[in-house]
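Enquirer: Below is the structure I would like to discuss, written out as structure tokens.
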């Protein structure tokens, strides 16, 4: 069920299950971020139960095209079948345990083990072995299969699960597909695909993206155009463990300059034919003018996708934190995807993935990203250590700012002085995230 909230001048997609964030009060102790035993509990009780994002459907164009997703000590192959379906298999030969594939994507007619040449079909069935007559238990062909995992798709994303009987994907994701239903995500193009190795626990991103309280200190450059104040921000939680936060695109209400058009806000307004001087002294009213301008000029600027968006979706930032490790931030221009995953051995390390997906603007060959202008085509995978990471956004890179704080926080969380967070109400979703995690660890989910 999809509704649109209309209150005064506010319109956005919502869902009847939305609740104001409320918490039990479970402590958030530092050992959750660095203790190996705690990380093992996460593996046993949570990571093996949930759905994981493994890639994009667009990566698998032809039968035999595959993507490999490595998670902790496991490796999973996602492969397109001859009938167009996508299936997931453990990346391991059932003969002697060798990994079948050592690259992250490609195309094959069958999976051939590099150790003894056993050949597995795209459907996982063993097709050929050397010396089949020499097996006392009989020819293994037609008897053995690769170990299969649950696999499904939504929004152009490929999901898989270790759980042999997982909650159906759309039920697990509910209500995220509804809330993002105005965006044709299946046809968005991933123009940025970047993975960073970061000296912090994977949970830092879930904590960080569940609140906007840090923006004035960490991202002050955006305050002239993003209203981070809790009085104007929508905070929601859902029974499935997911959350949403909506921030208005307008000068921050927490500053004395909220009525002044600062250079960054002036740049945004001018780009859509709005004279910034018309809104000096009433800068926040520029948000409605921007919605109207984008609605009016969408067709001539090739932004046909604006037709499906509500007025608020034409300006505001919609942050969907999907339990446990996926954040989908919808803006008028595209979808920012953030995914963190634990290091196989050390809970003090993790990988941080950033994808930027965009709809095609008619007549345009390039799109603005954190890394400058990029062509409207599927991006190559870029991998770095955070120490070597650089961007070129003029306003300052929010990822660099967030990740720098993540590393210093990881060190602070190891201190014996830290026993629990002391949270503002607007940070309630941080504690709620940890309570959902506790529900998994203690068998309530």
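The values are calculated or read from the model by the stated rules, or taken from the named source; none is laboratory data. None of the values given here were measured: they were computed from a predicted structure. Positions of Cβ are backbone-derived with ideal geometry, glycine not excepted, and every protein chain shown enters the neighbour counts.
Enquirer: Which of the following residues is assigned by TED's automatic domain parsing to the domain that holds residue 225, surrounded by fewer than 13 Cβ atoms within 10 Å (Cβ to Cβ) and modelled with pLDDT of 90 or more: 382, 345, 333, 341?
Expert: Only one candidate passes the filter, namely 345.
Enquirer: Let me ask something else. Could you identify the single residue in 220, 224, 216 that is in the same structural domain as residue 289 (by TED's automatic domain parsing), touching a residue at least 40 places away in the same chain (Cβ under 8 Å) and more than 21 Å from residue 244 (Cβ to Cβ)?
Expert: Criteria check complete, one pass: 224.
Enquirer: Next question, about the same structure. Against the definition (surrounded by fewer than 21 Cβ atoms within 10 Å (Cβ to Cβ), within 27 Å of residue 306 (Cα to Cα) and in the same structural domain as residue 321 (by TED's automatic domain parsing)), how does residue 210 come out, yes or no?
Expert: Spelling it out, it is not the case that residue 210 is surrounded by fewer than 21 Cβ atoms within 10 Å (Cβ to Cβ), within 27 Å of residue 306 (Cα to Cα) and in the same structural domain as residue 321 (by TED's automatic domain parsing).
Enquirer: Output the residues belonging to the range 272-293 that are crowded, with 20+ Cβ neighbours inside 10 Å and either touching a helix residue (DSSP H, G or I) at 6+ places or on another chain (Cβ under 7 Å) or modelled with pLDDT under 95 (or both).
Expert: Hits for the range 272-293 are 279, 283, 286, 290, 291.
Enquirer: crowded, with 19+ Cβ neighbours inside 10 Å, more than 31 Å from the chain's Cα centre (by Cα) and within 16 Å of residue 144 (Cβ to Cβ) - does that describe any residue in the range 96-115?
Expert: Within the range 96-115, one or more residues are crowded, with 19+ Cβ neighbours inside 10 Å, more than 31 Å from the chain's Cα centre (by Cα) and within 16 Å of residue 144 (Cβ to Cβ).
Enquirer: Does residue 327 fit the bill of being in contact (Cβ under 8 Å) with a residue 40 or more places away in the chain, assigned to a loop (DSSP other than H, G, I, E, B), in the same structural domain as residue 235 (by TED's automatic domain parsing) and within 27 Å of residue 21 (Cα to Cα)?
Expert: For residue 327, the condition - in contact (Cβ under 8 Å) with a residue 40 or more places away in the chain, assigned to a loop (DSSP other than H, G, I, E, B), in the same structural domain as residue 235 (by TED's automatic domain parsing) and within 27 Å of residue 21 (Cα to Cα) - is not met.
Enquirer: Let me ask something else about it. Which residue out of 68, 53, 57, 79 is surrounded by 15 or more Cβ atoms within 10 Å (Cβ to Cβ), within 23 Å of the chain's Cα centre (by Cα) and without any contact (Cβ under 8 Å) to a residue 40 or more places away in the chain?
Expert: Answer to the selection: 68.
Enquirer: Considering only residues that are under 15 Å from the mean Cα position of the chain (by Cα), over 30 Å from residue 373 (Cβ atoms) and part of a loop (DSSP other than H, G, I, E, B), which ones fall in the range 176-210?
Expert: 202, 210
Enquirer: In addition: Would you mind telling me which numbered condition in (1) surrounded by fewer than 19 Cβ atoms within 10 Å (Cβ to Cβ); (2) in contact with a helix residue (DSSP H, G or I) (Cβ under 7 Å, 6 or more places away or on another chain); (3) modelled with pLDDT of 95 or more residue 32 fails?
Expert: (1)
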